Amino acid sequence: VNEDYFNELEEILIEADCGVSFALNIIDELLDESKEKNITSPKEINELLVDKMFLNYLKEGEDIVNEIDFSSTPRVLLVMGVNGVGKTTTIAKLAYRYIKQNKKVTLVAADTFRAGAKEQLTVWAERLNCNIVTGNDNEDPASVAFKGVKEGTENHSDLIIIDTAGRLQNKIGLMKELEKMNKVIGKLIPGAPHETLLIIDATTGQNGISQAKSFKEITNITGIVLTKMDGTAKGGIVLAIKEETSLPVKYIGLGEQINDLKPFDIEEYIYGLFKDMM
């Protein structure tokens, strides 16, 4: 093991979209520790790197809980993300996941801004045979959310999933919209929404990080769903997002099928990133 070896590791991390600052910091730490402990075997260094990445991800010492907690119902889940990241499909996949667990799900089409958003979600609701609440085009999203949560509560839903507009260009408008939405939901169910998930397309790399930062500025996000992890994206973006925003990735989308969504496992993921080297 020489300096070139560490440079190569650094390159692997950067090419996997882990982010430059993350890669530089973790390789510096690795270099220092391997010198201190006099580790010269590539296998041991690789294992040390995997351990470091794992601990780095869990640095707040928190338990990462991916699944929704149904200790009281209904649970309200707000979903956001810019156009084109697979938001509607992800909502359908989440609904399918919990319908399979015998949960009653209500979908709420509160993205009244994007043309076709309501229709798209309605098609999924019909396929999944679950309840959906919609509003009129350009109706106030907060009133659609209110209507949806009220109906979901009355029909004894376990889970209410609310689609929201993802237009980041107008941050102030979106911020006010989300604040209003949170307020009306909280009036109906104290403590709701219980989860706010941001959908990010893994193939957008560093652009995904700036989206996460921007959305975190305007509302209280509890986790990330990474879509399109099946393509060419190596998805190191998971680590970069956590490093830059402290937001955990809760689910990953692995394909086009309705069951291609699974809870994110950091250990499996890091080993996958380095499986060719291990």
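Quick check: net charge around K93, other residues with Cβ under 12 Å of its Cβ, Lys/Arg +1 and Asp/Glu -1? Please list the in-between numbers first.
Working: positive: K87, R97, K100, R127, K262; negative: E256, D260.
The answer is +3.
List the trypsin sites (Lys or Arg not before Pro) within the stretch 43-114 that DSSP assigns to loop and that have no more than 13 neighbouring Cβ atoms inside 10 Å. Mind dumping the intermediate values first?
Working: sites: K43, K52, K59, R75, K87, K93, R97, K100, K103, K104, R114; in loops: K59, K100, K103, K104, R114.
When the trypsin sites (Lys or Arg not before Pro) of the stretch 43-114 are filtered for loop state and at most 13 Cβ neighbours within 10 Å, K59, K100 remain.
Using only C-alpha positions, report the orientation-averaged shadow area of the convex hull of the chain, nm², one decimal.
14.8 nm²
What residues have an amide H closer than 5 Å to that of I132, excluding those fewer than 5 places away on the same chain, when H is modeled at 1.01 Å from N in the peptide plane?
Here L107 satisfy the definition.
Using only protein heavy atoms and a 1.4 Å probe, report how much of D17 is accessible, in Å² to the nearest 10.
40 Å²
Compute the acute angle (0 to 90°) between the alpha-carbon long axis of helix 20-36 and the principal axis of greatest extent of the alpha-carbon atoms of the chain; round to the nearest 10°.
On a 0 to 90 degree scale, this one is about 40.
Let me spell out the model: positive unit charges on the Cβ of Lys and Arg, negative unit charges on the Cβ of Asp and Glu, origin at the Cα centre of the chain. What dipole size does that give, in debye rounded to 20?
Details: 31 positive and 44 negative charges, 330 e Å.
My answer is approximately 1580 debye.
Working from Cα positions, state the angle (0 to 90°, nearest 10) between the long axis of helix 117-128 and the longest principal axis of the chain.
90 degrees
What is the local net charge at T112, summed over the other residues whose Cβ is closer than 15 Å to its Cβ (Lys, Arg +1; Asp, Glu -1)? Don't jump to the answer; show the numbers that get you there.
Details: positive: K87, R114, K118, K147, R167, K176, K180; negative: D111, E119, D137, E139, D140, D163, E177.
Neighbour charge sum, excluding T112 itself: 0.
For the stretch 50-105, just list the percent of Cα-Cα distances falling in each 10 Å bin from zero outward, please.
Taking every Cα pair in the stretch 50-105, the percentages come to 17, 35, 31, 17, 0.
Using a probe radius of 1.4 Å on heavy atoms only, what accessible surface per residue do you get for the chain? Whole Å² is fine. Mind showing how you got there, number by number?
Working: 12970 Å² over 278 residues.
Averaged over the residues of the chain, the accessible area is 47 Å².
Any idea what the relative contact order of the chain is, in percent, if you count C-alpha pairs under 8 Å spaced at least 6 apart? Provide the component values of the computation, followed by the final result.
Working: 462 pairs, mean separation 64.3, N = 278.
Reported relative contact order: 23 percent.
In the chain, carbon and sulfur make up what percent of the accessible area (probe 1.4 Å)?
Working: 6240 of 12970 Å².
Taking all protein chains in place, the chain shows 48 percent carbon and sulfur surface.
DSSP beta bridges in the chain, what fraction antiparallel, as a percent rounded to 5?
Values: 3 of 29 bridges.
That works out to approximately 10 percent antiparallel.
Using a 1.4 angstrom probe on the protein heavy atoms only, line up C18, C130 by accessible area, largest first. Write down the numbers at each step before the final one.
Numbers: C18 0, C130 25 Å².
These residues rank, largest area first, as C130, C18.
Please give the contour-minus-distance gain from N207 to E8: 0.36 nm per residue of separation, less the Cα-Cα distance, rounded to one decimal in nm. Before the final figure, lay out each step's value.
Details: separation 199, 0.36 × 199 = 71.64 nm, distance 2.42 nm.
Value of the extension gain: 69.2 nm.
Using a 1.4 Å probe and counting only protein heavy atoms, arrange F70, F146 so the residue with the most accessible area comes first. Intermediate values should be presented prior to the final figure.
On the way: F70 45, F146 80 Å².
Largest to smallest exposure gives the sequence F146, F70.
Hey, quick one: spin label on N259, modelled 7 Å out along Cα-Cβ, who in the stretch 60-100 has an amide N within reach, i.e. under 12 Å?
Correct set: 97, 100.
Summing Lys, Arg as +1 and Asp, Glu as -1, what charge do residues with Cβ under 14 Å from the Cβ of D69 carry, D69 excluded? Please list the in-between numbers first.
Working: positive: R75, K103, K250; negative: D63, E67, D158, E195.
Taking every Cβ under 14 Å from that of D69, the sum is -1.
Placing +1 at every Lys and Arg Cβ and -1 at every Asp and Glu Cβ, with all other atoms neutral, what dipole size does the stretch 186-278 have around its Cα centre, in debye to the nearest 20? Could the numbers behind the result be given before it?
On the way: 9 positive and 12 negative charges, 58 e Å.
Computed charge dipole of the stretch 186-278: roughly 280 debye.
Compute the relative contact order of the stretch 127-278 as a whole-number percentage, counting only Cα pairs closer than 8 Å that sit 6 or more residues apart in sequence. Working shown, then result.
Working: 175 pairs, mean separation 23.5, N = 152.
Relative contact order, the stretch 127-278: 15 percent.
Mind pulling the angle between the C-alpha long axis of helix 42-57 and the longest principal axis of the chain? Nearest 10 degrees, somewhere in 0 to 90.
On a 0 to 90 degree scale, this one is about 30.
Take the Cβ-Cβ distance between N129 and N46 as r, set R0 to 41 Å, and report the resulting FRET efficiency rounded to the nearest 0.05.
On the way: r = 48 Å, r/R0 = 1.17.
Using R0 = 41 Å, I get an efficiency of 0.30.
State which stretch of the chain is the longest one without any exposed GluC sites (Glu not before Pro), exposure meaning a DSSP loop state and at most 13 other Cβ atoms within 10 Å. List each step's numbers first, then the result.
Values: sites that count: E60, E62, E67, E256.
It works out to 68-255.
Hey, which of these cross-link pairs are over 25 Å Cα-Cα: K216/K262; K176/K213; K59/K100; K35/K250?
On the way: K216/K262 23 Å; K176/K213 17 Å; K59/K100 33 Å; K35/K250 35 Å.
From K216/K262; K176/K213; K59/K100; K35/K250, over 25 Å: K59/K100; K35/K250.
The values are calculated or read from the model by the stated rules, or taken from the named source; none is laboratory data. Keep in mind the model is a prediction, meaning the values are calculated, not measured. Ideal geometry is used to build each Cβ from the backbone, glycine not excepted, and the neighbour counts take in all protein chains shown. Heavy atoms of the whole protein, side chains included, go into the accessibility calculation; ligands, DNA and RNA do not. Shrake-Rupley method; radii C 1.70, N 1.55, O 1.52, S 1.80 Å.
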